[in-house]
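What follows is one structure encoded as structure tokens, with my remarks underneath.
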Amino acid sequence: MSLATVHLVRHGEVHNPERVLYGRLPNFHLSELGQEMAQRVAGHFAARVDDGARIVRVVASPLTRAQETAAPIAQRLGLDIVTDDRVIEAYSRFEGMAQVARQLRYPRHWLLLANPFRPSWGEPYSQQVGRMRAAVDDARRAAVAQVDTDGPAGPVEVIVVSHQLPIWVSRLAAENRRLWHDPRDRECTLTSITSLDFDGGRLVGVRYEEPSADLLAGAANLPGA
């Protein structure tokens, strides 16, 4: 069977002084700190390649912050970025709202909170898992086929730059945990790496690491952003 790992990378910090829940809105760029985080995670993967890892594919969400995080990774590895709409941020009806916690005090928003298990305010968790897993499987198969064509078979790795919520619910599903959760409890920090290990089409392991851990203390971090 073909061994493969798909690394789900969250984007770096975004320049967002108004603390807007930007969701799928365009033109939210990385901050200076976010750019440093992107360089940090790029160096992490470059070091893996130096140690013998075969990373052959970089996939990214079409949103600006994901593309800007993927760019130094692709450059360091000498790869092109494959843009995949399926790894985009989750849709939310709170998108574009600033100071969301304060806004939710107003009764006009309460109907959106009727079913936190689905959730009622945006894209269902199960739908996010489905599109993410389809993108992961397609990227994994393409990488395995490329390696089989280019040289001897062996472990292969793919990087997918996405967003906190789709990555987190993908991990919950991979670990057979319930999908509904408190956003404050997500283990998916900026430029963190959630790695899915496959043996053929079978998921055999989940790993997590934070190459930018020392940069997080000064970072702005909105749940779901």
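Any read-out appearing in this document is the output of simple, stated calculations on the displayed coordinates, not a laboratory observation. Source: prediction; values computed, not measured. With ideal geometry, Cβ positions are generated from the backbone for all residues, glycine too; neighbour counts draw on all protein chains shown.
Some values worked out for this structure:
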quantity: Antiparallel DSSP beta bridges within the chain, percent to nearest 5; calculated: 55
quantity: Interatomic Cα distance distribution for the chain, bins of 5 angstrom, percent; calculated: 1, 7, 15, 20, 20, 16, 11, 6, 3, 1, 1, 0, 0
quantity: Most positive-pole-ward Cα, 154, 124, 71, against dipole of the chain from beta carbon charges; calculated: 124
quantity: Distance between the stretch 198-217 and the stretch 111-143 - C-alpha centres, whole angstrom; calculated: 19
quantity: Difference of contour (0.36 nm per residue) and Cα-Cα distance, residue 111 to residue 204; calculated: 29.5 nm
quantity: For residue 208, residues with placed amide H under 5 Å, excluding near neighbours; calculated: 195
quantity: Length-normalised contact order of the chain in % [C-alpha pairs under 8 Å, at least 6 apart]; calculated: 34
quantity: Relative contact order of the stretch 25-88, pairs being alpha-carbon contacts under 8 Å that are 6 or more residues apart, as %; calculated: 40
quantity: Normalised convex hull volume, the stretch 152-225, alpha-carbon set, Å³ per residue; calculated: 103
